[in-house]
1. Tell me, please, whether a residue that is at pLDDT 90 or above, in contact with a Ser or Thr (Cβ under 8 Å, 6 or more places away or on another chain) and not hydroxyl-bearing (S, T, Y) can be found in region 14-29.
2. Taking helices (runs of 4 or more DSSP H) that fall entirely within region 6-76, which contain at least 1 residues that are among the charged types (D, E, K, R) and loosely packed, with under 10 Cβ neighbours inside 10 Å?
3. Just one of (1) touching a residue at least 12 places away in the same chain (Cβ under 8 Å); (2) of a type in the set (A, V, I, L, M); (3) outside any loop (DSSP other than H, G, I, E, B) trips up M1, so point out which.
4. Could you tell me whether any residue of region 33-47 is of a type in the set (D, E) and modelled with pLDDT under 95?
Amino acid sequence: MIKTITKIGNSQGIIFDSALLQLARLKVGDEVNVEVHAGGTITIAPAERSAIEAPEAAEAARRLIRKNNELFQRLS
């Protein structure tokens, strides 16, 4: 995929369209690791994600159970 470096404020950047972000499983606000290799190759990879905190995990579990309550009852 060819992208063009553009001026963004006082800096330069590359615009990632939503399809590219979706393919890379990234979203606005995600941290990425940028590396420059010999020969000028640049790689951009998702930064390691930290483990989810217990309160966040509990809330996510409650949402999942509420959303799928009927299914869980049929499976029990």
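1. yes
2. Numbers: elements: 18-23, 54-67, 69-75.
Filter on region 6-76 gives 54-67, 69-75.
3. All conditions pass for M1, except number (3).
4. No, there is no match, as no residue in region 33-47 is of a type in the set (D, E) and modelled with pLDDT under 95.
The values are calculated or read from the model by the stated rules, or taken from the named source; none is laboratory data. Bear in mind the structure is a predicted one, so any value in this text is a computation, not a measurement. For neighbour counting, all protein chains shown are included, and Cβ atoms are generated from backbone atoms with ideal geometry for every residue, glycine included.
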